[in-house]
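Quick notes on the structure that follows.
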Amino acid sequence: MSKSFLLKWVEPKQPLPKERQRFGNRELAALILPILVEQLLTMLVGIADTLMVSYAGEAAVSGVSLVNQLNNVFIFVFGAVASGGAVVASQYIGREDRENGVTAASQLLMITVLISTALMGVSVLFRSQFLSLLFGRVEPDVMEASLTYLVISALSFPALAVYNSAAALFRSMGKTKAIMNISIAMNAVNVIGNAIGIFALHAGVAGVAVPSLVSRTFAAVVMLVLCFQKKNTLYVEPGKVFAWNGKMLKRILNIAVPNGVENGLFQLSKVALSSIVALFGTVQIAANGVAQSF
């Protein structure tokens, strides 16, 4: 079967008229490139922590890298819920049903805050049990660094969930450049804070964990302020945030749960791999952590 025959079979016989094309290549590039940059910058927060804490020693970088593998599972859960809510809200906007779109956006914010707060509480209350189960045979100084980083980073879960939800809503409206700019500011705050914590205060693991908490909280607050602006196609209405809407939440979770399970299982396999590496010693954990961050 020739290549030309395959192309003729796959390609449409009549090209779509220009007036019916919603997006051209230029519009798609303007939409996609900021999303690419923003996603890279979001992951850079954890990568910067791993790289900069390396100056504090092998135990510190090992502890941070182990906890970051676990944190990535939670990050993908928040991202899955945010994507589910954004899809539902976008569907309503496509039907020119702005009222239900606003309801979906508001319920998305509510459910992400509830889920992230619950995960934060579990991570803080059962931190020793979690880390002992996953990485029980690590050196005591590595375990101490892991506990410190887990507690402080868990406090940022609600902020991270709010940021992901707001960013997903802005992507559905095509306002990707605004998210990219906020991500740049978030990373600037994180890197400057890391430098102060590591080189000026010599705070070790806490010196990179606290700036991450501050930077994520900063980004969440800015995005939240933008989401309350009614001039947006989709916005968050305070009254609907505190009103439980079972039908709307079911629509959101029907999309979010399968997506979260799919991505979460992949991340859990990486956590399992880190658990095996943790048996080899501090040097191997540090090397694996730096490589995994890239």
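The values are calculated or read from the model by the stated rules, or taken from the named source; none is laboratory data. This one's a predicted model, so the numbers in the text were calculated from it and none came from an experiment. All Cβ positions, glycine included, derive from the backbone under ideal geometry; neighbour counts span all protein chains shown.
When LYS247, LYS230, LYS240 are checked against the criterion of being on the phi < 0 side of the Ramachandran plot, assigned to a loop (DSSP other than H, G, I, E, B) and charged (D, E, K, R), a single residue qualifies: LYS230.
Just to be sure before I move on: is ARG216 surrounded by 18 or more Cβ atoms within 10 Å (Cβ to Cβ), of a type in the set (D, E, K, R) and closer than 23 Å to ASN72 by Cα in the structure I sent? Yes. What's the number of the condition ALA154 fails, among (1) more than 30 Å from PHE280 (Cα to Cα); (2) touching a residue at least 12 places away in the same chain (Cβ under 8 Å)? Of the numbered conditions (1) more than 30 Å from PHE280 (Cα to Cα); (2) touching a residue at least 12 places away in the same chain (Cβ under 8 Å), the odd one out for ALA154 is (1).
One residue alone among LEU234, LEU249, LEU253, LEU213 is closer than 30 Å to ALA48 by Cα and of a type in the set (A, V, I, L, M), and that residue is LEU213.
Just checking, which of LEU70, LEU114 is on the phi < 0 side of the Ramachandran plot, crowded, with 19+ Cβ neighbours inside 10 Å and of a type in the set (A, V, I, L, M)? Going through LEU70, LEU114 in turn, just one is on the phi < 0 side of the Ramachandran plot, crowded, with 19+ Cβ neighbours inside 10 Å and of a type in the set (A, V, I, L, M): LEU70. The number of residues in the stretch 282-294 that are touching a residue at least 12 places away in the same chain (Cβ under 8 Å) and either under 21 Å from TYR163 (Cα atoms) or surrounded by fewer than 18 Cβ atoms within 10 Å (Cβ to Cβ) (or both) comes to 3. Only one of the numbered conditions (1) closer than 14 Å to VAL236 by Cα; (2) at pLDDT 90 or above; (3) of a type outside the set (A, V, I, L, M, F, W, C) is violated by GLY101, and that is (2).
Results for (1) among the polar types (S, T, N, Q); (2) modelled with pLDDT under 85; (3) farther than 26 Å from VAL261 by Cβ, shown as yes or no for each residue.
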{"position": "LEU66", "(1), (2), (3)": "no, yes, no"}
{"position": "ASN71", "(1), (2), (3)": "yes, yes, no"}
{"position": "VAL81", "(1), (2), (3)": "no, no, no"}
{"position": "TYR92", "(1), (2), (3)": "no, no, no"}
{"position": "ALA105", "(1), (2), (3)": "no, no, no"}
{"position": "VAL122", "(1), (2), (3)": "no, no, no"}
{"position": "MET143", "(1), (2), (3)": "no, no, yes"}
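Say we look at the stretch 169-226 and pick out the residues that are hydroxyl-bearing (Ser, Thr, Tyr) and at pLDDT below 90; which of these is nearest to LEU147 (Cα to Cα)? Step by step, filter the stretch 169-226, then rank; the result is SER212. Checked against the criterion of being out of contact with any Pro (no Cβ under 6 Å at 6 or more places or on another chain), over 14 Å from ASP49 (Cβ atoms) and either buried (at least 23 other Cβ atoms within 10 Å of the Cβ) or among the charged types (D, E, K, R) (or both), the candidates VAL241, VAL222, VAL162 yield just one match: VAL162.
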